[in-house]
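Asks: Have a look at this one.
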Amino acid sequence: MAHRWTNDLTYTDVTPKAAYLNRRQILAGTVGLGAIGLAGAASAQGELEPNTLEEITSYNNFYEFGTGKGDPAKNAGALVTSPWSIKVDGLVDNPGEYALADLLDGLTVEDRLYRFRCVEAWSMVIPWNGIELADILNKVGVQSGAKYVAFETVVQPENMIGVQRRVLDFPYVEGLRLDEAMHPLTILATGIYGEPIANQNGAPIRLVVPWKYGFKSIKSIVRITLTDEEPPISWNKANPREYGFYSNVNPNVDHPRWSQASERKIGGGLFADRQDTLMFNGYEKEVASLYEGMDLREFF
Ligand code: MTE
């Protein structure tokens, strides 16, 4: 399918030519797919420096496998990812239980280099491979009454130590407004650096919404529901005062227990300077219109 979002920036706009060529080589070598062209509004924060695969796969939040940052890498090997199917239901023309390969058949996997900002004030830059969620929703046919999309993570109690310990109310659930879900920046990721997504990152398929806090990016999805009501989401259920449905990255709206004005980039080293957090995580130009007229403090 055609890309519906084309960035007006490329690396040549923001990066000296030598660094650009060097990056092309790095990405061509590591990803095997050539340059990653969709850098987002890269100029706002200088060039985007991708984190290493090692960093991306060793510092995780996946509470089904424990609450420590190293727990998912240690424990998520137990996740069974094949066969995998996704139940699509609610206000859709073609509901059903789809084998993952059938659901994605014929759709284009794209390279997307995105900033990733956790609500805990750390960040990474991740070269995802994924499919625009809109392509999948169009394939199953969204009915006119649908206003939201709800997502659910798999529960494999025998394989998930965090589920056994009930560290959160499982299954992990998330949701987006339909226009957010249909936005061309929103993808379902199946890979990182051209490799199948690691279990601890949400194999075999997880949501990525780069202008929202990382907890919106629900992992290991087994159900997608089109609905006319705002769906419940895990972190809001756990603590509604601290975690809102929208959770757009916003340096001007602090978490009740910490500032959101800056962030620590993972891999920067213990003494690296914190960097300023950008409105909508640097994707303001692309997504601000979705929230025109909305009070972003009330709808946090
Ligand atoms: N999805 C599920 N099912 N369970 C989780 O605990 N954690 C969220 C999100 N998706 C989480 C989840 C949070 S808080 C973050 S910051 C990101 O996943 C972390 O993604 P990463 O580990 O791939 O960096």
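Every number here is computed from the coordinates shown, using simple stated rules; none is lab data. Computed from a prediction, not measured in an experiment: that's the story for all the values here. We place every Cβ from the backbone using ideal geometry, glycine too, and count neighbours over all the protein chains shown.
Asks: Convert each backbone phi in the stretch 77-88 into a coupling constant with the Karplus relation 6.51 cos²θ - 1.76 cosθ + 1.60 (shift: θ = phi - 60°), then list the ³J(HN,Hα) values in order as whole Hz, x for Gly and Pro.
Replies: Going residue by residue, I get x, 6, 5, 8, 10, 9, x, 9, 9, 10, 7, 10 Hz, with x marking Gly and Pro.
Asks: Ok, one more. When a/c is below 1.5 the answer is rounded, else prolate if a/b is larger than b/c, else oblate, so apply that to the stretch 11-291 with a ≥ b ≥ c taken from the square roots of the Cα gyration tensor eigenvalues.
Replies: Details: a/c = 1.33, a/b = 1.25, b/c = 1.07.
Verdict is rounded for the stretch 11-291.
Asks: Sorted by packing (mean other beta-carbon atoms within 10 Å per residue), highest first, where do 264-270, 60-66, 73-79 land?
Replies: Going by the mean number of other Cβ atoms within 10 Å, highest first, we get 60-66, 73-79, 264-270.
Asks: With labels modelled as points extended 7 Å from the Cα through the Cβ direction, what inter-label distance (nm, one decimal) is found for ALA272 paired with LEU296?
Replies: 2.4
Asks: Going by how many other beta carbons lie within 10 Å of each one, how would you line up SER217, SER58, SER234, fewest first?
Replies: The order, fewest Cβ neighbours first, is SER58, SER234, SER217.
Asks: Just to verify a number: FRET efficiency for LEU168 and GLU55, C-beta to C-beta distance, R0 = 25 Å, to 0.05?
Replies: Given R0 = 25 Å and the Cβ-Cβ separation, E is 0.55.
Asks: At 7 Å along Cα-to-Cβ for each site, give me the label-to-label distance between GLU230 and ALA78 in nm.
Replies: Computed distance between label sites GLU230 and ALA78 equals 3.6 nm.
Asks: Follow-up. Taking a virtual spin label 7 Å from the Cα of LYS87 along the C-beta vector, which residues in the stretch 161-183 bring their backbone nitrogen under 17 Å of it?
Replies: 170-175
Asks: Collect residues whose amide H, placed 1.01 Å from N in the peptide plane, falls under 5 Å from the amide H of LYS212; neighbours closer than 5 in sequence don't count.
Replies: Excluding prolines and chain starts, which carry no amide H, the hits are VAL249.
Asks: Report the extension gain between ASP254 and THR108 in nm, rounded to one decimal, defined as 0.36 nm multiplied by the number of residues separating them, less their alpha carbon distance. Display every interim value, and only then the final one.
Replies: Values: separation 146, 0.36 × 146 = 52.56 nm, distance 3.74 nm.
This chain segment gains 48.8 nm when fully extended.
Asks: Please sort 178-185, 110-117 by packing, taking for each peptide the average over its residues of neighbouring beta carbons within 10 angstrom, highest first.
Replies: Listed from highest to lowest mean packing, they are 110-117, 178-185.
Asks: Ok, one more. When you count, for each residue, the other Cβ atoms within 10 Å and take the mean per peptide, how do 199-205, 153-159 rank with the highest first?
Replies: 199-205, 153-159
Asks: Net charge within 15 Å of ASN252 by Cβ-Cβ distance, Lys/Arg positive one each and Asp/Glu negative one each, not counting ASN252 itself?
Replies: Spelling it out: positives minus negatives among the neighbours equals -4.
Asks: Something else about it: Using amide H atoms built in the peptide plane, which far-off residues or other-chain residues are under 5 Å from THR277 H to H?
Replies: Here SER262, GLU263 satisfy the definition.
Asks: Pairs LYS139/LYS265; LYS69/LYS139; LYS74/LYS147; LYS139/LYS219; LYS87/LYS285: which exceed 32 Å Cα-Cα?
Replies: The answer is LYS139/LYS265; LYS69/LYS139; LYS74/LYS147; LYS87/LYS285.
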